[in-house]
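This report refers to the structure that appears directly beneath it.
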């Protein structure tokens with residue numbers, strides 16, 4: 001029996017190793033492509049994970065283009081502002097749903113859930129933004145996702161895990177809701193609050209659709225929309241106008257499309273990779289599956 | 001609620017509302033947000049019954065756009081593609097997270113299991129724009145990783161992304177690549193909840209590892225699996241807009257165009273707002289019915305539902 005188990009363990013390790021490699025390999029390959037000198041990139045095999053004649057030339061070319069730097073700024077700006085609004089609204093709403101015993105609570109919960117069940121589609125949302133006069137404003141991207149019901153319910157569950165007596169003791173000491181929220185509920189549910197904030201931030205960083213349809217001025221585009229231009233364009237000729245200049249930023253000969261694609265993917269992914277370890281630190285299986293309270 | 005209320009009851013209700021007024025104040029921002037950004041668009045679907053006018057009020061046309069819709073072969077193609085892609089995704093992606101969770105759970109070397117976990121959750125946090133870029137790179141017929149392996153074994157390279165024969169396979173595989181790790185979380189949580197005594201008892205009875213998995217682990221996971229499966233059916237009309245929209249190209253449109261991408265094209269590219277709203281409403285209503293039914297069923301299993 002013992003021998004059987006160890007065969008299973010070896011097989012299991014091999015399968016999991018395969019899963020890990022197939023997840024990471026594409027990144028390593030793109031990193032190698034992006035770092036390979038543009039002279040050699042056309043001959044670099046798809047299996048490569050080491051760059052040939054490593055250089056940062058493509059990155060420098062991209063970062064030297066004002067349009068790209070702007071897109072980076074736009075992404076950061078949208079993510080920071082939108083996440084701040086998200087987390088504020090989510091915390092106060094989750095607090096009320098966890099603590100409040102008020103008339104109409106059940107009705108209010110249904111009011112929150114109905115939009116999760118019925119999706120009116122692209123056009124009614126587009127018409128709303130248009131009628132509000134928000135087309136081409138950053139708000140068109142920030143406001144429509146101001147609060148997520150699912151995350152609000154997760155946080156409510158975490159707040160429910162805070163013992164009632166803690167809140168009551170604070171109330172006796174004269175703490176109002178405001179103090180209860182920021183001095184008790186939030187600190188005691190800190191891992192959950194951080195996890196949910198990161199979920200929101202990653203969502204905004206990754207959003208390409210709202211910016212694509214609402215922001216008509218390319219100077220307001222975030223990185224994802226810019227990246228999409230590189231991904232959907234089959235070749236250099238079909239690349240969006242202002243991006244054409246990137247190609248020739250290093251002189252007479254155009255930078256290889258493959259290098260640019262790889263580099264801009266890496267640039268777009270780096271912030272996620274930076275936040276990811278923090279997410280792993282605070283995140284626990286229980287927070288997401290709703291099993292954990294407090 | 002009773003229709004006859006004594007003045008005393010009304011008064012106590014008024015007092016109750018007054019007492020919790022601060023809770024209501026705190027709900028004002030979220031309420032304003034939901035009314036504007038969710039309820040106005042819900043009522044906005046009335047555009048499906050109106051002819052959109054740039055100037056002046058829209059004209060009511062009843063079911064005209066639905067009649068157009070149900071006589072459009074492109075719409076039926078989009079409907080067929082939506083159902084096919086959803087079905088393929090559920091059949092092929094559904095079991096993967098279950099196996100992954102079991103394998104990670106069975107891993108004796110806990111440090112290794114933890115490393116696997118921290119790697120496989122990652123793709124869930126990438127946008128479909130990025131994943132499309134990654135898949136386009138590794139599937140490229142010129143210098144993609146996969147085609148280099150294919151060539152190594154002496155076969156002809158396959159233009160996966162532009163071949164209508166292979167494109168749906170790409171959708172399924174990329175979906176697995178992105179979600180299998182993250183989706184395994186629910187099963188990992190379920191596995192953590194299994195009473196270890198069950199295994200100890202089985203060990204004493206001399207049950208092998210395999211039979212322990214078959215007779216303890218799988219049945220314990222079954223409830224979670226049933227719930228996840230049912231909830232997936234609830235989203236059947238949603239074949240994954242972001243994925244298909246980014247990966248699709250002209251050469252695969254016949255097998256890839258789903259209802260969402262169709263509505264996008266009609267509405268925002270061809271600016272036929274009313275018709276596109278009708279498409280969205282059709283999808284929304286079926287989606288609503290499916291979610292309501294499947295949630296009712298999921299509640300019966302008491303393992304959890306959307307609410």
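The values are calculated or read from the model by the stated rules, or taken from the named source; none is laboratory data. Just so it is clear, the structure is predicted and the values come from calculations on it, not from any experiment. Glycine also receives a Cβ, built like all others from the backbone with ideal geometry; neighbour counts cover every protein chain displayed.
Taken over segment B:39-65, the criterion of being surrounded by 12 or more Cβ atoms within 10 Å (Cβ to Cβ), within 14 Å of chain A (Cβ to nearest Cβ) and assigned to a helix (DSSP H, G or I) is satisfied by B:39, B:40, B:41, B:42, B:44, B:45, B:46, B:47, B:48, B:49, B:65.
Restricting attention to segment B:188-200, the residues that are in contact with a helix residue (DSSP H, G or I) (Cβ under 6 Å, 6 or more places away or on another chain) and part of a loop (DSSP other than H, G, I, E, B) add up to 1. Among the residues of segment A:49-59, those that are within 27 Å of the chain's Cα centre (by Cα) and either away from chain B (no Cβ under 11 Å) or part of a helix (DSSP H, G or I) (or both) comprise A:56, A:58, A:59.
Only one residue in A:79, A:83, A:58 is within 23 Å of residue A:227 (Cα to Cα) and modelled with pLDDT under 95, so which one is that?
Exactly one residue qualifies, and that residue is A:58.
Listed here are the helices (runs of 4 or more DSSP H) enclosed by segment A:136-178 that have at least 2 residues being more than 13 Å from residue A:91 (Cα to Cα), touching a residue at least 60 places away in the same chain (Cβ under 8 Å) and in the same structural domain as residue A:115 (by TED's automatic domain parsing): A:139-142.
For segment B:123-140, the set of residues classified as under 13 Å from residue B:183 (Cα atoms) and surrounded by fewer than 21 Cβ atoms within 10 Å (Cβ to Cβ) consists of B:124 only. Residues in segment A:117-135 that are part of a helix (DSSP H, G or I) and more than 7 Å from chain B (Cβ to nearest Cβ): A:129, A:130, A:131.
Here's the yes/no breakdown for (1) surrounded by 14 or more Cβ atoms within 10 Å (Cβ to Cβ); (2) facing another protein chain (nearest Cβ under 10 Å); (3) within 22 Å of residue B:209 (Cα to Cα):
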| position | (1), (2), (3) |
| --- | --- |
| A:12 | yes, yes, yes |
| A:16 | yes, yes, yes |
| A:29 | yes, yes, no |
| A:34 | yes, no, no |
| A:39 | no, no, no |
| A:47 | yes, yes, no |
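Look at segment B:141-169: where a residue is in contact (Cβ under 8 Å) with a residue 60 or more places away in the chain and a partner is part of a helix (DSSP H, G or I) and surrounded by fewer than 16 Cβ atoms within 10 Å (Cβ to Cβ), sitting 6+ places away or on another chain with Cβ atoms under 9 Å, you get B:161/B:251; B:162/B:250; B:162/B:251; B:163/B:251; B:164/B:251; B:164/B:254; B:167/B:251; B:168/B:84.
Among the helices (runs of 4 or more DSSP H) lying completely within segment B:205-307, list those that include at least 1 residues that are within 8 Å of another protein chain (Cβ to nearest Cβ). So that I can check it myself, show each step before the final result.
Values: elements: B:209-212, B:218-234, B:241-247, B:253-256, B:259-264, B:273-300.
By residue number, B:209-212, B:241-247, B:259-264, B:273-300.
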